Amino acid sequence: MRPESSVRNRLNIAISVLSQLCMYSWCQTVPDGFSIQVAPTVTIQEGLCVTIPCSFTVEHKKTFKNFIGYWKSDFETNVASSDSSVPIVKENFHVSGNPDSGDCTLKITDARKQDTGAYFFRIEGSKEMPIKYNYLSHKLTLLVTDLTQKPEISNLEHLRVGKEVTLTCSPPGNCKGTDQTITWWKDNLDKPWGKSSSITFTPLLSYHKTSVTCAVNYPAVRASTQKTVVLDVQYPPSIDIFIDPSGLISNHTVVLNEGDSVILNCSVVSNPAAYVTWTKGENIVVNSVTGKGLELYLMDITSSDINTYSCSAWNQHGDTSDFVDIVLQPSNEGPDAKFSFETSPSPAPEVVTVLSPQCDSRYIDLAILGAFIAGNILILSLIALILFCIVMRNMNKTQQAIINNGEELRLQGRPSMYKNLSE
C-alpha cells in the first residue's frame with residue numbers, strides 16, 4: 001500500500017471519529033425548551049450506593065403522559081429504564097424518578113469498578129407526543145473508587161454498668177437494595193458476637209475498655225469495611241483504704257506510737273472520675289477530682305491527730321465512703337505499733353508491725369541495765385540506812401546506861417563522903 005493511501009485512510013478514520021463525537025456531545029445543538037439538570041461528575045466508593053437527582057424539560061414542559069426514560073452508556077447501551085420490560089445491561093442501575101413528572105433521578109447500588117464511565121439520559125414520548133431525545137449536552141460521569149469509608153456505631157454514649165443497651169451499626173452509604181452482611185466481633189474472639197445491624201447486651205464492669213468491631217461485607221463486589229471502638233462503660237465509684245506500704249486495714253483501726261508517720265491511701269475506681277475527699281472528724285482536710293485515688297499524709301503523730309478519718313467518693317452514678325480510726329499505742333504495751341488484718345473468719349489474721357523510729361533494741365538494753373543498777377543502788381541504800389539506824393540506837397542505849405550507872409555510884413558514895421567531911 002502506498003504511503004499516500006495509508007495517510008488518507010487514517011485521516012478518514014479520524015474524521016469519522018470526530019463526526020461521531022460531534023454528533024453525541026460537542027457539536028449537538030440543544031432544541032429550544034429541552035433542558036436537564038444533573039451533576040456532571042459523581043464519585044462513589046465500591047460496594048456502596050448513591051442516588052443522583054435529575055430533572056428535565058421537553059418543549060418547556062415538566063409533566064407528560066406515558067413517557068419512558070432511559071439511562072444509556074456512551075455506547076448507547078441501555079443501563080437503566082423506567083420500563084421494566086426493556087432489556088438492560090446493569091442490574092444495579094435504576095431509574096428511580098418518574099419521567100411523567102420530569103424526574104430522571106438515577107439510583108446506583110453495589111457500585112463496581114467497571115461502572116466507571118459516562119452516561120446520558122434519553123426520553124421517549126407516547127403517541128400523543130411522539131418525541132425521542134438524547135440529552136447528550138449534559139452527560140453524567142461516574143467514578144467508582146476503592147472502599148475506604150467505615151460504618152458508624154451508635155448509642156456508645158449510653159453505656160452504664162447493669163443497664164441494657166442496644167448498639168446499632170450503620171453501613172456506609174446505606175440504602176435499600178444494597179446486598180451486605182454485618183458481623184459483630186468482641187475482643188478479637190474466635191466466633192462472632194452477633195450477625196445483625198443491632199446488638200443488645202447488659203454491660204458489665206469488665207466490658208470497660210473492651211474492643212468491639214462492626215464489620216460490613218459486600219459480597220457482590222467482594223469488598224468489606226469495618227470500624228472498631230473501645231467501650232466506655234460508666235459506673236459509680238468504689239474505694240479501698242490501705243496504708244503505704246503496709247497494706248489493707250482490718251477493723252478500721254490503725255495503732256501508732258507518738259511521733260510515727262503514716263500515709264493513708266484511698267484507692268478509687270470510678271468512671272467518670274469521682275470527686276474524692278478526706279475528712280478528719282467533720283472537717284475536710286484534702287479533696288480532689290480523680291479516677292484513681294487520694295493520699296493523706298500524717299506526719300509526727302501526736303495526741304491531736306487521734307481521730308476518725310473518712311474517705312468519700314461520688315460521681316453522677318453513685319457515691320460511697322469508708323473510714324479508719326487512728327489511735328495511740330497504750331503505754332503498758334510494747335514499743336511496737338501493730339496493724340492487725342482480718343479479712344474473714346477462715347484465714348489466719350495477718351499482723352503487720354510498724355516500729356517507731358526511736359525504738360531501737362540497743363536503747364531498750366541500756367534502759368533495762370540502768371533500771372537494774374538503779375534498783376540495786378536503792379536497795380543497798382535502804383539496807384545501809386537501816387543498819388545505821390540500828391547502830392545509832394544501840395549507841396544511845398549504851399551511853400544512857402553509862403550515865404545512869406555513874407549517878408548511882410555518886411549517890412551511893414555521897415554519905416560516906418559527907419561522912420568523911422564531918423569527922
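The values are calculated or read from the model by the stated rules, or taken from the named source; none is laboratory data. Small disclaimer: the values here were computed from a predicted structure and weren't measured. In this analysis, Cβ positions are derived from the backbone assuming ideal geometry, glycine residues included, and neighbour counts consider all displayed protein chains. The area values use the complete protein model at the heavy-atom level, side chains included, leaving out ligands, DNA and RNA. Shrake-Rupley method; radii C 1.70, N 1.55, O 1.52, S 1.80 Å.
Quote the charge dipole size of the stretch 63-157 about the Cα centre in Debye, to the nearest 20; the model charges only the Cβ of Lys and Arg (+1) and of Asp and Glu (-1).
The dipole magnitude comes to about 300 debye.
Where the centre of each part is set by its Cα atoms, how far does the stretch 145-221 sit from the stretch 34-96, in angstrom?
What the calculation gives is 35 Å, centre to centre.
Collect residues whose amide H, placed 1.01 Å from N in the peptide plane, falls under 5 Å from the amide H of T253; neighbours closer than 5 in sequence don't count.
D325
Taking amide H positions as placed in the peptide plane 1.01 Å from N, state which residues far from V79 in sequence (5 or more) or on other chains have amide H under 5 Å from it.
Hits under the 5 Å cutoff: W71, K72, S73, V89.
Under the rule of at least 5 residues apart or a separate chain, name every residue whose amide H is placed under 5 Å from the amide H of N271.
Close amide H contacts, sequence-distant or interchain: Y235.
Need one word for the stretch 143-291: rounded, prolate or oblate. Basis is the Cα gyration tensor (sqrt eigenvalues a ≥ b ≥ c); a/c below 1.5 gives rounded, then a/b vs b/c decides. Don't skip to the end; give the middle numbers.
On the way: a/c = 3.80, a/b = 3.55, b/c = 1.07.
Cα axes put the stretch 143-291 in the prolate bin.
If you keep only loop residues by DSSP, which trypsin sites (Lys or Arg not before Pro) in the stretch 69-154 have at most 14 other Cβ atoms within 10 Å of their Cβ?
Hits after loop and neighbour filter: K127.
For the stretch 215-277, what class follows from the C-alpha gyration tensor (a ≥ b ≥ c being the square roots of its eigenvalues): rounded when a/c is under 1.5, otherwise prolate if a/b is larger than b/c, else oblate?
Prolate.
To the nearest 10 square angstrom, how much accessible area does Y207 have with a 1.4 angstrom probe?
40 Å²
Express the carbon and sulfur contribution to the solvent-accessible surface of the stretch 135-277 as a percent, rounded to the nearest whole number, probe 1.4 angstrom.
The computed percentage sits at 48.
Could you tell me which of A215, P237, L204 has its Cα farthest along the dipole of the stretch 193-264 towards the positive end, charges placed at Cβ (Lys, Arg +1; Asp, Glu -1), taken about the Cα centre?
A215
Ratio of alpha-carbon Rg to the 2.2 N^0.38 Å globular estimate for the stretch 136-228, to two decimals, please.
1.35
With every protein chain kept in the model, how would you rank M392, M129 by accessible area, 1.4 Å probe, largest at the top?
So, going from the largest accessible area down, we get M392, M129.
Which length gain, in nm to one decimal place, applies between E76 and T43 when the Cα-Cα distance is subtracted from 0.36 nm times their residue separation?
Between E76 and T43, full extension yields 9.7 nm more.
Using θ = phi - 60° and the Karplus curve 6.51 cos²θ - 1.76 cosθ + 1.60, what whole-Hz ³J(HN,Hα) does each residue of the stretch 39-50 get, with Gly and Pro shown as x?
Values per residue, Gly and Pro as x: 5, x, 9, 10, 10, 9, 8, 4, x, 8, 10, 8 Hz.
To the nearest 10 square angstrom, what accessible area does I284 show with a 1.4 Å probe?
Using a 1.4 Å probe on the heavy atoms, I get roughly 100 Å².
In the neighborhood of S101, defined by Cβ-to-Cβ distances under 14 Å, what is the net charge if each Lys or Arg adds +1 and each Asp or Glu adds -1?
Working: positive: K61, K62, K65; negative: D100, D103.
With Lys, Arg at +1 and Asp, Glu at -1, the neighbours total +1.
For the stretch 90-141, rounded, prolate or oblate, judged on the Cα gyration tensor with a ≥ b ≥ c (square roots of eigenvalues), a/c < 1.5 rounded, else prolate if a/b > b/c?
Because a/c hits 1.5 or more and a/b exceeds b/c, the stretch 90-141 counts as prolate.
Charges at C-beta only: +1 for Lys and Arg, -1 for Asp and Glu. How large is the resulting dipole of the stretch 181-262 about its Cα centre, in Debye rounded to 20? Don't jump to the answer; show the numbers that get you there.
Details: 6 positive and 7 negative charges, 204 e Å.
Dipole magnitude for the stretch 181-262 comes out near 980 debye.
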